[in-house]
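Read the figures in this text as sums done on the coordinates, not as results from a lab. No experiment lies behind these values; they were computed from the predicted model shown. For neighbour counting, all protein chains shown are included, and Cβ atoms are generated from backbone atoms with ideal geometry for every residue, glycine included.
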């Protein structure tokens, strides 16, 4: 499946209305806000259909994963939105991630755990907001200008000693080049989960974290809690991905790229791409193949390391980045 | 005191809703503490031990309480400390109740995320490494690596 999916679930007591933007949506937040109610309405509709009294308006089937034999149930589910309750102890497993990776379903997961095996976006983590009998989803992590996420009330330009990226290949090489000759040191955490560990090991550093928002959902809770506790010492910048920054800069002339960037979800087939991050990487590699600027994830070509191109690529996030000596 | 084991804990009861369904007693719901917790977290009123008035759902049974309240009730009524419950089924609005339950006795819970215990000081032991934490900053630093 691809694109946005508008869903309304209602009975005589409650009405839920929300839009899914990507293949994985996580719902958490306070207790007593209606997560279980929504899940049970879907589960009753899954068992009994219209005879449940639950009405679902959606462009595709909405089903609850209720069977203990979840692998079998998933094996028979196609082109659907699958809702999974917090009691499912397999959610954090590699087996579950592997089972849903190449399916053409969307998944709505009610859970507060950091699901490290799943590449979900920081933009698709929600809580339920209620007004009388009407419920909707609200993003938990609000994005600020320059793709900065913060729990601080005010936002200032980062004074970072270190730019920390989860990337250890082209992205890391890019930022190394960008800050070459400045007081800002570039470090790689080598993975998303390495970001928290690195921050924990370096409590005295002022750090600008640069990671791929499209797949950082499992890390954002603990990193943002650290950001809150070390007020002013950590800045978290989460554009969709490094490849997305390149595409957005307009540096690479690919036909249709602007239209794609206006609404990426319309082109991202969930069965093919587990996360948007992977789609942008694939799009850039295919779009630049056979040219002198052919992009490779493993090694940054000199073309991308030219000062003018470096600055152009970071344009959409530059506002809050630590200053380079060449600005 | 509150004792927390962070991360995967196979011996903990993960699906607290199912455990609640099969073990709760009317007397649990009838207690003043339960009425307070249900009013605060679920904004609902205990009418009788079998009937609760929810502002959204109307008259419901205890089985329709939120996952967070069910887990709080399990912790509150496991006075011998026989079980460890997955308290990641509780939202942050349950944190103060967990601290309150741990004021008078030893409470052990399993957390698979960093619950926000608020801006005030509290005392909890991180069982993974034995560290005592007294506020959220210390908890985030001591336990974040396990979740």
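Rounded to the nearest 500, the helix-only mean residue ellipticity at 222 nm of chain A stands at -8500 deg cm²/dmol, with each DSSP H run of n ≥ 4 adding -39,500 (n - 2.57). Shown is the FRET efficiency for residue B:82 and residue B:33, computed with R0 = 22 Å from the Cβ-Cβ distance and rounded to the nearest 0.05: 0.70. In percent, rounded to a whole number, the relative contact order of chain B is 32, using alpha-carbon pairs under 8 Å and six or more apart. Peptide A:31-43 is shielded by partner chain Cβ atoms: per residue, an average of 5 of them sit within 10 Å of its Cβ. Once the convex hull of all Cα atoms in the stretch A:283-327 is built, its volume per residue stands at 97 Å³. Annotation: the stretch A:168-222 has a Kirkwood hydrodynamic radius of 12.2 angstrom, from the mean reciprocal C-alpha pair distance. The slack between residue A:315 and residue A:267, meaning 0.36 nm per residue of separation minus the straight C-alpha distance, is 14.8 nm. Taking 7 Å steps out from each Cα toward its Cβ at residue A:58 and residue B:45 produces label points 3.5 nm apart. Compactness ratio for chain B: Cα radius of gyration over 2.2 N^0.38 Å (N = residue count) comes to 1.03. For the peptide B:13-22, the mean number of other protein chain Cβ atoms found within 10 angstrom of a residue's Cβ is 2.
Using the average count of surrounding beta-carbon atoms within 10 Å as a protection proxy, the listed peptides A:72-78, A:83-89, B:46-52 rank, highest first, as A:83-89, B:46-52, A:72-78. Could you please state, rounded to a whole Å, how far the C-alpha centre of the stretch A:50-115 is from the C-alpha centre of the stretch B:39-104? Computed from Cα coordinates, the inter-centre distance equals 26 Å. Based on C-alpha pairs under 8 angstrom that are at least 6 apart in sequence, chain A has a relative contact order of 19 percent. Counting, for every residue in B:85-95, the Cβ atoms of other protein chains within 10 Å of its Cβ and taking the mean gives 4.
What do the square roots of 5 times the Cα gyration tensor eigenvalues come to for the stretch A:5-139, in whole Å, largest first, as semi-axes of the equivalent ellipsoid? Write out the running numbers ahead of the final one.
Details: eigenvalues 95, 63, 35 Å².
Equivalent ellipsoid of the stretch A:5-139: 22, 18, 13 Å, largest first.
Can you compute the label reach from residue B:61? Point 7 Å from Cα along the Cβ direction, backbone N cut-off under 17 Å, restricted to the stretch B:8-31. The answer is B:17-30. Summarising the label geometry, the points placed 7 Å from Cα in the beta-carbon direction at residue B:104 and residue A:143 lie 4.9 nm from one another. Extension gain, residue A:131-residue A:231: 0.36 nm per intervening residue step, less the Cα-Cα distance, totals 32.7 nm. Building the convex hull from the alpha-carbon atoms of the stretch A:145-320 and averaging its projection over directions returns 10.1 nm². Helix A:217-229 and the long axis of chain A differ in direction by around 60°, with both axes built from C-alpha atoms. Extent of the stretch A:20-69 along its three principal axes (Cα atoms, max minus min coordinate, largest first): 31, 26, 25 Å. The order of the peptides A:205-213, A:228-236 by mean Cβ neighbours within 10 Å, most packed first, is A:205-213, A:228-236.
When Rg and the Kirkwood radius Rh are both evaluated on Cα atoms of the protein assembly as shown, their ratio Rg/Rh stands at 0.99. Measuring r between the beta carbons of residue B:116 and residue A:308 and using R0 = 41 Å, the FRET efficiency lands at 0.35.
Counting 0.36 nm for each residue step from residue A:152 to residue A:6 and taking away their Cα separation leaves a gain of 49.3 nm.
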